[in-house]
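See structure below.
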Amino acid sequence: MRILDLFVVASMPIMKVLMLTALGSFLALDRVDVMGESARKQLNNVVFFVFNPALVSSSLAKTVTFESIVLLWFMPFNILLTFIIGTAIGWLLVKITKAPQHLRGLILSCCAAGNVGHLPLIVVPAICREKGSPFGAPDICHTYGTAYASLSMAIGAIYLWSVVYNVVRVSSAKVNKEVNGDDSTRVMKSTGTGGMPSPTLPDQQNYTEPLLPSKNCSISVCTHELSFSCAKSKGTVKVSDFDKIWQYLRIISRKLNLKAIFAPSTTAAFIGFTIGLVPQIRNLIISGNAPFHVVQDSALLLGDAAIPIVTLIVGGNLLRGLKGPAGICMSLVIGVIAVRYVLLPLLGIVIIKTAVRFGLVHSDPLYQFILLLHYALPPAMNIGTITQLFRAGESECSVIMLWTYGLASISLTLWSTAFLWLVS
């Protein structure tokens, strides 16, 4: 196809997204206040708990089979590559720009995590419906495009809440530690023998009674092993191996935030995989002759509402970047834009073309297009949610989102055109 024809095919979905985003921004204005902050929060909860899971589960259940699982193995690896490469380039950006400590986690997250969930769900089905699409029959393209994008959303949610969540958590913890260290004061007094000061408390008193017996008695306290032994009682109390393993699992669960990782969309993806891969369940729900096909039809009906509502919410959220000053220099914003819209797409073309050449990715042009699209997306919107949880760079995140999503209309159109030309 000619470049101009591909540009028209790629630009139409972006124009639709822009119109819905502009409508969301208009409805979120203080004068209108139809989609104010509280309304957006409630809508976001409905999308998070109802519409997105319905869309993901229904799409995957309809298209996933054992054969397709073998063909789609490269997608989780591809999204992981975007996280790894983005984090590495983001680390270089932090070092070059000498970003302040409280913004380093935000910069790394914006460079690493793209919006691999909602934007592919918006762009890919819309391209499939366009006249002149290089992906074949619109209905089949729409079905498989939605399934690919749903799988992308589920995988992206797992990586986002396991990687980005902990990057921001560690970064904010360092900032809080530094602040607490700077604010704390210690009262020191001289020992009188050599002039070395020692810390004291305001109400310090002298105690002559030992707190613990000093003869043949020891305490060993560690996060990995708890034991107490004393020669007087000749007894030892040890934590069992089972209790140790259980404690380790609880620590890992708290650190990784498993509740967030197994979000409703991720759980819905597992349900969709189960329905699609188990023939007995699939025959009960999928296809028009299935006795419980009304369940699938209802899920599809709910899922169709997810995309327009999410686009409206995104438009309303972008207004936060215009309200109030933010302590972020434009060099960091420009750096994030360069990483997401220049460096990552170029590297993505090299990676996907190399994978196709060596037979790691099958020849489906729609599948290749989605893999390429992973490298050209703006930062994930959930990064803003994570920064709110730790109160680390909330206003700065809004500014980055405003600029990256404002330029996404141009960037996505150009890169989608290039990707369509490469796969067709």
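The table below gives the values:
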| item | result |
| --- | --- |
| Stretchable slack from R129 to F77, in nm (0.36 nm times residue separation minus alpha-carbon distance) | 15.9 nm |
| Accessible solvent surface per residue of the range 355-424, calculated while the other protein chains remain in place, 1.4 angstrom probe, Å² | 37 Å² |
| Of K95/K353; K16/K41; K98/K353; K41/K95, pairs whose Cα-Cα distance is over 27 Å | K95/K353; K98/K353; K41/K95 |
| Separation of the F358 and F66 label points, Cα + 7 Å toward Cβ, nm | 2.8 nm |
| Separation between Cα centres of the range 49-66 and the range 351-415, rounded to whole Å | 21 Å |
| Estimated FRET transfer efficiency when R0 is 60 angstrom, pair A338-K244 (beta carbons, to 0.05) | 0.80 |
| Stretchable slack from Q101 to S409, in nm (0.36 nm times residue separation minus alpha-carbon distance) | 107.8 nm |
| Ellipsoid equivalent to the range 301-424 - semi-axes via the Cα gyration tensor, in Å | 30, 19, 13 |
| ³J(HN,Hα), Karplus 6.51/-1.76/1.60, whole Hz, each residue of the range 150-163, x for Gly, Pro | 5, 4, 4, 4, 5, 5, x, 5, 5, 5, 4, 7, 9, 9 |
| Proportion of all alpha-carbon pairs of the range 74-124 beyond 16 Å (%) | 47 percent |
| Distance in nm between pseudo-label sites at L284 and M330 (7 Å out along the Cβ direction from Cα) | 6.1 nm |
| By average C-beta atoms within 10 angstrom, highest first, the peptides 276-285, 151-160, 83-92 | 151-160, 83-92, 276-285 |
| Percent carbon-and-sulfur accessible area, the range 266-424, ignoring ligands, DNA and RNA, probe 1.4 Å | 70 percent |
| Nearest-10 value in Å² for the accessible area of K353, using the 1.4 Å probe | 80 Å² |
| Under 5 Å, built H, 5+ apart or other chain: amide partners of G114 | A380 |
| Karplus-derived 3J(HN,Hα), 6.51/-1.76/1.60, for each residue of the range 58-66, Hz, glycine and proline x | 5, 5, 5, 4, 7, 10, 6, 9, 4 |
| Pairwise label distance in nanometres, A39 with A173, each label 7 Å out on the Cα-Cβ vector | 4.0 nm |
| Modelled FRET efficiency - R0 35 Å, E394 with T143, Cβ distances, 0.05 increments | 0.35 |
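The values are calculated or read from the model by the stated rules, or taken from the named source; none is laboratory data. Since the model is a prediction, treat every value here as computed from it, not as a measurement. Here the Cβ is made from the backbone with ideal geometry for all residues, glycine too, and neighbour counts use every protein chain on show. Accessible surface is based on the protein model in full, side chains and every heavy atom, while ligands, DNA and RNA are left aside. Shrake-Rupley method; radii C 1.70, N 1.55, O 1.52, S 1.80 Å.
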